Structures are given as C-alpha cells and as structure tokens.
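The values are calculated or read from the model by the stated rules, or taken from the named source; none is laboratory data. Just so you know, these numbers come straight off a predicted model, no measurement behind them. Here Cβ is always computed from backbone atoms with ideal geometry, including for glycine, and neighbour counts include all displayed protein chains. Surface accessibility is based on the protein's heavy atoms, side chains included, excluding ligands, DNA and RNA. Shrake-Rupley method; radii C 1.70, N 1.55, O 1.52, S 1.80 Å.
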Amino acid sequence: MTRTAPIPTASHFIDGSYAEDASGTPIPVIHPASGAVFANVHAATPALIDRALEAARRAQGDWAALTGAERGRVLRRAAEILRERNRDLSVIETWDTGKPLQETLVADAASGADALEFFGGIAADLGGETRQLGQDWSYTRREPLGVCVGIGAWNYPIQIACWKAAPALACGNAMVFKPSETTPLSALKLAEILLEAGAPPGLFNVLQGAGEVGAALVTDPRVAKVSLTGSVPTGRKVYAAAAAGIKSVTMELGGKSPLIIFDDAEVENAVSAAINGNFYSSGQVCSNGTRVFVQRGIKEAFLSLLAKRLTGAVLGDPLDEATNFGPMVSEGQLNIVLAYIARGHEEGARLIAGGNRVVGPGYFLEPTLFADVTDEMAIAREEIFGPVMSVLDFDTEDEVLARANATEFGLAAGVFTRDLARAHRMVARLQAGTCWINTYNLTPVEMPFGGSKLSGVGRENARAAIEHYSQVKAVYVAMGDVDAPF
Ligand code: NDP
C-alpha cells in the first residue's frame with residue numbers, strides 16, 4: 001500500500017516541461033483524510049500565464065496540420081499510458097481529493113483514458129459534408145477553434161482534465177488547463193503523459209492558481225474557447241467574461257437532481273442507486289440525485305432498507321482499499337455541508353442516519369439521511385455537494401414531475417419503475433441534460449453529458465462534444481460563369 005504520494009516535480013507544465021516561479025502565491029496541498037500538508041505549489045504569475053498561452057498558440061498550428069488519424073494515435077497512446085499507470089494516478093488522486101482508492105482505481109484516470117481512447121478513435125473521422133447545388137457545389141470543413149482553456153473542479157480532477165483535453169485535442173486545438181487549487185496534482189501527470197505519447201510541447205499546458213489565474217486565462221485575447229466545470233456562481237462570472245470576447249463556452253455546472261422512485265420499483269436496486277447517487281465520492285458529484293422522491297406506498301420499506309445498507313459504509317484511511325467512504329475534500333466544504341445539516345434539523349426534516357462530523361483527524365462526515373423533506377427546505381433546493389440525502393414523499397406521476405422540474409437546475413434525473421412506458425413518458429418531460437432509467441450516475445463516454453437550465457451549456461463526451469470544440473467553415477464552389485446585374 002502506498003503511503004507517500006508520487007508528487008509532481010514542480011507547480012506548472014508549460015511548453016513540454018515542468019516550470020516553477022516561487023514568487024507566485026503559495027498553495028498548500030492538503031490530504032483531506034489527515035488535514036496534513038503533503039505538497040506545495042505556487043500560483044502562476046502573469047509571466048507564466050503568458051508563456052503557457054504563447055506555447056499553446058505556437059503548438060496549435062502544427063498540431064492542426066496533422067491528419068486526424070495522426071492526432072488520434074497520440075490520444076490513444078496517452079490512454080494506454082494512463083491505464084498502465086492507473087494505480088499511481090489513483091494514489092495521487094486519493095491523496096489530493098481524499099476519495100477512497102477503491103473508487104479512484106476505477107473511476108478517475110480510467111474514465112479519463114476512456115475519453116482519450118474515444119476521441120482518439122473518432123479523430124480520423126471528423127469531417128465536413130458536401131452538397132450538390134446544380135452544377136455548383138458546397139462543402140464544409142470542420143476546423144479547430146484555436147487555444148482552449150479548461151478550468152476544473154476538485155471532485156474529479158484528472159477525469160475533468162481528460163474530458164476537456166480529449167475532444168479539444170482531437171479537433172486540432174491546444175489547451176491550457178487550470179485545475180482547482182484544492183486538487184492541483186494529477187493534471188500535471190496528464191501533461192507528462194500526453195507529451196510522452198507524442199503530443200508536441202505546448203499542446204497541453206497546466207497552470208496552477210485560484211480564480212484570478214482562471215480569470216486571466218478567460219479574458220486573454222489568444223483564447224478562443226473556455227470550458228469550465230464548477231459551480232453556478234463561478235459559471236456566471238466565467239460565462240460573462242468569455243462573452244466580452246465572444247468566445248465559445250462549455251459550462252458544466254451544479255445541480256440538484258431528482259431521483260424518482262415509483263412504488264412498483266425493484267426496491268433493492270432503487271436503494272443501491274440512491275446510495276450511488278448520494279454517497280459515492282462522499283456526495284461530491286455534480287449529477288447526484290439529492291432529491292429522492294419516493295412514492296408513499298414504498299416509503300417505509302425504502303427507508304428501512306436504506307438505513308440498514310448505510311451501516312455498510314466503511315469510513316477510514318482512503319488509501320486502504322477496504323475503505324468505501326472518504327472525507328470531504330476540505331475543511332471549507334465540510335463546514336458548508338455541516339451548515340446544511342443544521343438547516344435540515346431547523347426546518348423540521350427527520351434525521352434517519354448520520355448527521356455528525358467524525359471525531360478525529362481529517363474532514364470526515366457520516367453519510368446522512370433525512371426523511372420527510374419538503375420542497376421549500378434549503379436541503380431540497382440548494383446544492384449541498386456532500387453526503388446528505390433528502391427523501392421526499394409523493395403520490396402521483398403528474399405531481400412528482402412538476403415538483404422535480406421546479407428547480408433552477410437541470411443537470412440530471414433518474415426514474416425507477418417497472419412500467420417502461422411510464423419511464424419513457426417521465427424522461428421525455430423531465431428538464432435535465434441526462435436521465436437514467438432504473439439506474440443512476442452512469443456516465444460512459446459514449447453518452448453526452450451536460451446540463452440544461454442553470455446547470456450548463458454545451459455537452460462533454462460522445463460525438464456531441466465535437467460540436468463544442470470545432471467550428472464549421474462553409475465553402476461554395478462555382479463551376480461556371482459569374483452572373484452580375486451590370
Ligand atoms: P468552483 O466554481 O468554486 O470552481 C471551479 C473552478 O473555477 C476552480 O478551478 C476555480 O478556481 C475556478 N474559478 C473560480 N473563480 C473563477 C473566475 N472568476 N474565473 C475563472 N475561474 C474561476 O467549483 P468547485 O471547485 O467548488 O467545484 C464544485 C462545483 O462544481 C459544484 O457546484 C459542482 O456541482 C460543480 N461540478 C459540476 C460538474 C459538471 O460536470 N456539471 C462536475 C463536477 C463539479 P479555484 O477553486 O482554484 O479558486
């Protein structure tokens with residue numbers, strides 16, 4: 001078992017090598033399971049930001065001039081290296097995020113590798129269309145946007161970096177990526193791997209820093225596109241800043257998604273899905289189904305089974321593969337979640353399980369279950385981003401649909417029922433970018449992922465992502481003489 005983190009050798013990765021400038025604001029990197037600082041990085045200075053953007057600009061032209069097949073080969077090789085080094089990358093991710101190694105071994109670098117493989121696979125097949133226009137004709141070229149900026153959240157650091165880099169690079173763009181200052185390390189490893197796989201220096205650069213580094217990148221005129229994964233308030237700021245430069249954006253933002261369980265559902269599976277959709281990664285997942293609507297007929301059966309299953313949570317050292325429930329990513333996030341639990345009590349929700357910080361080092365919180373939650377309670381309206389499940393009762397299909405949609409968010413939704421006609425009827429009317437029927441939170445690369453309403457703009461994964469990392473140029477080709485009025 002690895003007890004030391006394989007720490008990258010410097011803060012930034014620019015133009016094919018590690019870079020450091022100790023005059024940047026220091027950022028201590030904290031292991032959430034102990035609260036101890038295990039690494040230090042520095043925020044990027046303006047000079048480093050300029051170097052990274054310049055390197056990306058230079059690299060992009062040559063990269064775009066390669067064939068799609070050549071670009072795809074590099075991405076697929078990077079996917080192989082990610083898989084070969086999955087354990088080391090998972091250990092870094094566990095040190096940085098506190099997520100159990102049991103999870104990071106299967107969900108983080110592995111999912112990043114899936115994206116590199118998928119977009120590496122389709123890079124050779126990205127093209128335009130031709131149309132016959134009488135004797136003339138037109139065709140379209142699918143062209144890159146230029147230099148893209150990726151800005152990540154702290155819950156899935158390497159996955160987010162790969163989900164943005166893979167389609168961006170497949171389309172012939174370059175990228176400057178800024179991870180969350182809370183989890184700065186694994187994106188540096190991705191930069192190393194892409195270089196090793198054959199990406200030219202400067203094609204994928206990593207800069208550390210907090211919001212101001214992100215803001216400097218978003219407003220730079222050399223940047224054509226910004227892809228953010230983060231909260232709605234940050235999304236508003238970044239979207240507005242990008243709009244000033246008429247830049248293309250992808251916004252993967254927060255959610256407060258409904259998981260609707262009808263009384264004909266297979267209860268064991270519904271309970272499993274509610275656990276996955278609320279407690280995986282200690283509840284720090286944007287698409288979580290945190291409003292669990294349970295039809296009154298199975299409410300008590302659902303709650304008692306769920307309470308029993310929660311006793312199976314194994315809290316502890318996340319580097320121990322027997323642990324299946326880790327700490328909150330930071331003390332700040334722990335306090336946010338504790339404040340929501342206090343509001344749940346104040347507003348009259350019934351606590352069934354958990355609700356407490358775990359005494360001892362680190363930012364551990366018990367998996368928490370509230371029942372009798374009503375629509376107006378803060379825990380039912382606001383994104384908590386922690387292990388707090390709210391169970392709400394409902395009676396009819398129309399009622400639950402209206403209540404499920406009565407939110408400003410629209411990231412995801414789930415429906416459990418054995419009546420498949422009802423399941424499809426429901427998903428057609430649910431306002432969400434991703435819906436699951438009889439499961440929850442599966443996000444394979446073949447399926448587009450993204451939000452509606454305040455949850456975002458654009459889609460990641462699948463062919464849909466290509467639309468957001470490329471632009472279409474239309475070309476009219478005349479085969480005859482030119483008509484003119486005089
Ligand atoms: P934040 O919105 O706080 O931060 C996201 C990123 O934006 C960070 O790298 C942050 O830097 C950076 N940032 C902050 N301010 C600015 C700015 N003005 N200009 C440019 N960049 C800026 O989100 P969290 O990191 O706290 O992540 C949690 C949120 O992310 C939740 O709301 C969650 O729902 C959402 N999320 C959405 C997903 C999706 O796919 N839809 C997936 C995962 C999470 P720094 O933090 O270093 O200051």
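I'd like the GluC sites (Glu not before Pro) in segment 70-136 restricted to DSSP loop residues with at most 11 other Cβ atoms within 10 Å, sorted by number. Don't skip to the end; give the middle numbers.
Details: sites: Glu70, Glu80, Glu84, Glu93, Glu103, Glu117, Glu129; in loops: Glu129.
Passing both the DSSP loop test and the Cβ count: Glu129.
If you take the square roots of the eigenvalues of the alpha-carbon gyration tensor of segment 49-125 and sort them as a ≥ b ≥ c, do you get rounded (a/c under 1.5), prolate (a/b over b/c) or oblate? Spell out each step's value before the answer.
Values: a/c = 3.44, a/b = 1.56, b/c = 2.21.
Taking the square roots of the gyration eigenvalues as a ≥ b ≥ c, segment 49-125 is oblate.
Take the alpha-carbon centre of segment 415-473, take the same for segment 237-276, and report the distance between them in whole Å.
About 9 Å separates the Cα centre of segment 415-473 from the one of segment 237-276.
How about segment 413-486: which GluC sites (Glu not before Pro) there are in a DSSP loop, with at most 12 other Cβ atoms within 10 Å of their Cβ?
Answer by residue number: Glu446.
With charges set only on the Cβ (+1 for Lys and Arg, -1 for Asp and Glu), what does the dipole of segment 44-123 come to about its Cα centre, in debye to the nearest 20?
With Lys and Arg at +1 and Asp and Glu at -1, about 240 debye.
Need one word for segment 1-110: rounded, prolate or oblate. Basis is the Cα gyration tensor (sqrt eigenvalues a ≥ b ≥ c); a/c below 1.5 gives rounded, then a/b vs b/c decides.
Because a/c hits 1.5 or more and a/b fails to exceed b/c, segment 1-110 counts as oblate.
Hey, what's the chain come to in accessible area per residue, 1.4 Å probe, Å²?
39 Å²
If the reach is capped at under 27 angstrom between alpha carbons, list the lysines near Lys178, excluding any in the same chain fewer than eight residues apart.
Of all the lysines, those that pass the test against Lys178 - Cα under 27 Å, at least 8 places apart if same chain - are Lys99, Lys164, Lys189, Lys225, Lys237, Lys247, Lys256, Lys453.
Quick one: with all protein chains in place, what share of the accessible area of the chain is carbon or sulfur, to the nearest percent (1.4 Å probe)?
Numbers: 10100 of 18730 Å².
C and S atoms contribute 54 percent here.
Summing +1 for each Lys or Arg and -1 for each Asp or Glu, what net charge is found among the other residues whose Cβ lies under 15 Å from the Cβ of Thr374?
Combined, the nearby Lys, Arg, Asp and Glu give -1.
Rounded to the nearest 0.05, what FRET efficiency do Asp88 and Leu442 have when you use their Cβ-Cβ distance and R0 = 25 Å?
0.45
Ranked from highest to lowest mean number of other Cβ atoms within 10 Å per residue, what is the order of the peptides 478-485, 162-169?
The densest-packed peptide leads the list: 162-169, 478-485.
Taking 0.36 nm per intervening residue step and subtracting the Cα-Cα distance, what contour gain separates Arg418 from Thr67 on full extension?
Here the answer is 121.6 nm.
Taking every pair of Cα atoms in the chain, average 1/r, invert it to obtain the Kirkwood radius, and report Rg/Rh to two decimals.
With Rg and the Kirkwood Rh in hand, the quotient comes to 1.01.
Treat each spin label as a single point 7 Å out from the Cα along the C-beta direction, and report the Thr219 to Val482 distance in nm.
The modelled label-to-label distance comes out at 4.4 nm.
Counting DSSP beta bridges in the chain, what percent are antiparallel, to the nearest 5? Kindly include the intermediate steps, with their values, before the conclusion.
Details: 31 of 69 bridges.
The antiparallel proportion sits near 45 percent.
Determine the dipole magnitude for segment 145-260: charges of +1 sit on the beta-carbon of Lys and Arg, -1 on that of Asp and Glu, nothing else is charged, the reference point is the Cα centre, and the result goes in debye to the nearest 20.
Computed about the Cα centre, the dipole is about 320 debye.
Subtracting the Cα-Cα distance from 0.36 nm times the residue separation, let me have the gained length for Tyr18 to Glu300 in nm, one decimal.
Between Tyr18 and Glu300, full extension yields 95.9 nm more.
Under 13 Å from a point placed 7 Å out from the Cα of Ile7 along the Cα-to-Cβ direction: which residues of segment 37-61 have their backbone N that close?
Residues 37-42 fall inside that zone.
With a cap of 15 neighbouring Cβ atoms within 10 Å, and only residues DSSP puts in a loop, list the GluC sites (Glu not before Pro) found in segment 158-263.
Passing sites in segment 158-263 do not exist.
Quick check: pseudo-label points 7 Å beyond the Cα along Cα→Cβ at Tyr139 and Ala406, how many nm apart are they?
Going from the Tyr139 label point to the Ala406 one covers 5.6 nm.
Suppose the Debye formula is applied to equal point scatterers at every Cα of segment 294-417; what is log10 I(q)/I(0) at q = 0.10, 0.12 Å⁻¹?
-0.35, -0.50
At 7 Å along Cα-to-Cβ for each site, give me the label-to-label distance between Arg350 and Thr130 in nm.
The modelled label-to-label distance comes out at 6.9 nm.
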